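In what follows, a single structure is set out as structure tokens and then discussed.
The values are calculated or read from the model by the stated rules, or taken from the named source; none is laboratory data. Note that the coordinates shown come from a computational prediction; the quantities given were computed from them, not determined experimentally. Every residue, glycine as well, gets a Cβ built from its backbone with ideal geometry; the counts of neighbours run over all protein chains shown. Ligands, DNA and RNA are stripped out before the accessible areas are found, and what is left, the full protein with its side chains, is counted by its heavy atoms. Shrake-Rupley method; radii C 1.70, N 1.55, O 1.52, S 1.80 Å.
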Amino acid sequence: MKKLACSALTALVLCMPTVVFSKTVDVKILSAAQDGLPGFEPRVVHVEPGDSVHFIAASPGHNVESISGMIPDGATPFKGDFNQDLTVKLDKAGIYGYKCNPHYTIGMVGAVVVGNTSNEQKVKSVPQQGMSDQVFKDIFNDIDHGK
């Protein structure tokens, strides 16, 4: 009887559906990031498909939105309201570039790497304005070096 109960328990455990938990990573939207300028902290995050990024409106006067051409093919663009938190679930693998719209030209940008960097060449080819060009060069350098 003991052997039969053990076999039944083993079969039950093996047949149970696997529960996969997604995670949420926080990114602060700040008027003064580590360099003293408006920015996102951290400016690069790595998640897996199905995870979420919670953008926290830690300072007033900012928003967050994806940059046209800097998201994976088939991904849904996102845009948050000013002074509001925004949580975005990211299902498509690749790099998502984002910005604060009014502070984009002074380099208030960041990136989320979802699973892999399969669209890196595409997002690197998107022209940037003002200081965002250099900030994205730094971001891609960080991504390429596993940061």
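Mind listing whichever residues of region 26-47 are at pLDDT below 95, among the small types (G, A, S) and under 20 Å from N101 (Cβ atoms)?
Listed by number, the residues that qualify are A32, A33.
Write out, first by first residue and then by second, each pair whose Cβ atoms fall under 7 Å of each other, whose residues are 6+ apart or on separate chains, and whose first residue, in region 127-147, is within 21 Å of N101 (Cβ to Cβ) while the second is assigned to a helix (DSSP H, G or I) and open to solvent by less than 30 Å² (accessible area, probe 1.4 Å).
Q128/F136; Q129/Y104; S132/Y104
Which residue, of D81, D138, is assigned to a loop (DSSP other than H, G, I, E, B), among the charged types (D, E, K, R) and modelled with pLDDT of 95 or more?
Exactly one of D81, D138 is assigned to a loop (DSSP other than H, G, I, E, B), among the charged types (D, E, K, R) and modelled with pLDDT of 95 or more, namely D81.
Out of T117, T87, report the one residue that is part of a strand (DSSP E or B), hydroxyl-bearing (S, T, Y) and under 23 Å from S22 (Cβ atoms).
Values: T117 fails: part of a strand (DSSP E or B).
When all the criteria are applied, what remains is T87.
Pairs only if they're at least six apart or on different chains, beta carbon under 6 angstrom, first in region 87-102 and more than 17 Å from H62 (Cα to Cα) and among the hydrophobic types (A, V, I, L, M, F, W, C), second at pLDDT 95 or above and part of a strand (DSSP E or B); list them, first residue then second.
Once the first residue is more than 17 Å from H62 (Cα to Cα) and among the hydrophobic types (A, V, I, L, M, F, W, C) and sits in region 87-102, its partners that are at pLDDT 95 or above and part of a strand (DSSP E or B) give L90/V114; A93/V114; I95/A111; I95/V113.
Residues checked against (1) modelled with pLDDT under 95; (2) of a type in the set (K, R); (3) in contact with a Pro (Cβ under 8 Å, 6 or more places away or on another chain); (4) surrounded by fewer than 19 Cβ atoms within 10 Å (Cβ to Cβ):
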{"residue": "K2", "(1), (2), (3), (4)": "yes, yes, no, yes"}
{"residue": "T24", "(1), (2), (3), (4)": "no, no, no, yes"}
{"residue": "D51", "(1), (2), (3), (4)": "no, no, no, no"}
{"residue": "M70", "(1), (2), (3), (4)": "no, no, no, no"}
{"residue": "P77", "(1), (2), (3), (4)": "no, no, no, yes"}
{"residue": "A93", "(1), (2), (3), (4)": "no, no, yes, yes"}
{"residue": "C100", "(1), (2), (3), (4)": "no, no, yes, no"}
